[in-house]
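Novice: Please see the structure below; I have some questions.
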Amino acid sequence: MSLPSSTTKLTQRAELQRERILNAAQTCFIEHGFHAAGMALIAQAADMSPSLIYRYFDSKNAIILAIVERQVANGRTAIRNLYYAPDFTAAAYEAFTQWRTADPRIMNAALFLEMTAEASRNPTLASAFVTSDQELRAEISNWLSASVADGGKGLSVEVAQWRAICIQCFMEGLAIRALREPELSPTKLKLAITDFAAGMFAV
């Protein structure tokens with residue numbers, strides 16, 4: 001069994017450092033607001049010097065774009081997991097509980113809204129959101145149009161494409177519910193998700 005090379009170790013260390021910075025930045029954005037959290041505050045939260053952070057990200061904008069990219073990767077994983085554990089109600093409710101706890105590794109609802117507002121003034125961020133929305137919509141559509149035998153819902157490609165938009169709207173609304181109604185009745189919420197899914201998955 002071969003040992004990891006020094007290059008591999010350096011790459012792994014760099015990835016860990018990037019994750020540490022992104023988690024710190026996301027925590028700062030959640031706790032202090034998007035604009036109040038500058039690079040100095042992020043460096044303090046990450047327990048790093050600002051100069052070290054600049055070795056990995058040349059600006060706060062670069063950190064924000066990396067957070068969006070990480071969210072896309074997490075979203076892809078969550079959607080692909082539905083092929084193997086196709087209980088949409090349980091998955092959607094789990095997403096609600098994660099948003100409610102403001103886990104720094106997960107896009108917080110308040111941060112999502114703040115970044116969406118910032119995108120209206122920041123063309124680079126707006127473009128990143130358009131790309132991420134399209135990529136995740138394609139993943140959802142692929143899942144919906146996959147055969148039931150393969151873990152999908154067996155919808156036609158055309159129907160799957162517009163229902164994927166509906167699911168995106170629903171999940172984004174669910175994130176806002178987690179922010180505005182964190183104590184929403186689990187029983188009622190699961191019933192609401194189940195009813196929504198019944199309509200979305202009907203052939």
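Novice: How many residues, within the range 80-90, are modelled with pLDDT under 90 and buried (at least 17 other Cβ atoms within 10 Å of the Cβ)?
Specialist: 1
Novice: Being within 20 Å of ARG80 (Cα to Cα), of a type in the set (Gly, Ala, Ser) and either not assigned by TED's automatic domain parsing to the domain that holds VAL130 or not in a helix (DSSP H, G or I) (or both) is the filter here, so list the residues in the range 144-197 that pass it.
Specialist: ALA146, SER147, GLY151, GLY152, GLY154, SER156
Novice: Next question. Tell me which residues, restricted to the range 6-39, are exposed (fewer than 12 other Cβ atoms within 10 Å of the Cβ), aliphatic (A, V, I, L, M) and closer than 20 Å to GLU114 by Cβ. Give the steps one after another, and end with the answer.
Specialist: First, pick out the residues of the range 6-39 that are exposed (fewer than 12 other Cβ atoms within 10 Å of the Cβ): 6-10, 12-13, 15-16, 35-36.
Okay, now just the ones that are also aliphatic (A, V, I, L, M), so 10, 16, 36.
ALA36 - this is the single residue of the range 6-39 that is exposed (fewer than 12 other Cβ atoms within 10 Å of the Cβ), aliphatic (A, V, I, L, M) and closer than 20 Å to GLU114 by Cβ.
Novice: Go through the residues of the range 114-136 one by one and say whether even a single one is closer than 20 Å to CYS166 by Cα and either touching a strand residue (DSSP E or B) at 6+ places or on another chain (Cβ under 8 Å) or at pLDDT below 90 (or both).
Specialist: So far as the range 114-136 goes, yes, one or more of its residues are closer than 20 Å to CYS166 by Cα and either touching a strand residue (DSSP E or B) at 6+ places or on another chain (Cβ under 8 Å) or at pLDDT below 90 (or both).
Novice: Checking the conditions here, which among ALA175, ALA160 is under 22 Å from HIS35 (Cβ atoms), surrounded by 14 or more Cβ atoms within 10 Å (Cβ to Cβ) and in contact with a helix residue (DSSP H, G or I) (Cβ under 7 Å, 6 or more places away or on another chain)?
Specialist: Just one listed residue meets the conditions, ALA175.
The values are calculated or read from the model by the stated rules, or taken from the named source; none is laboratory data. Keep in mind that what you see is a predicted model, and the values were worked out from it rather than measured. Positions of Cβ are generated from backbone atoms using ideal geometry, with glycine treated the same way; all protein chains shown enter the neighbour counts.
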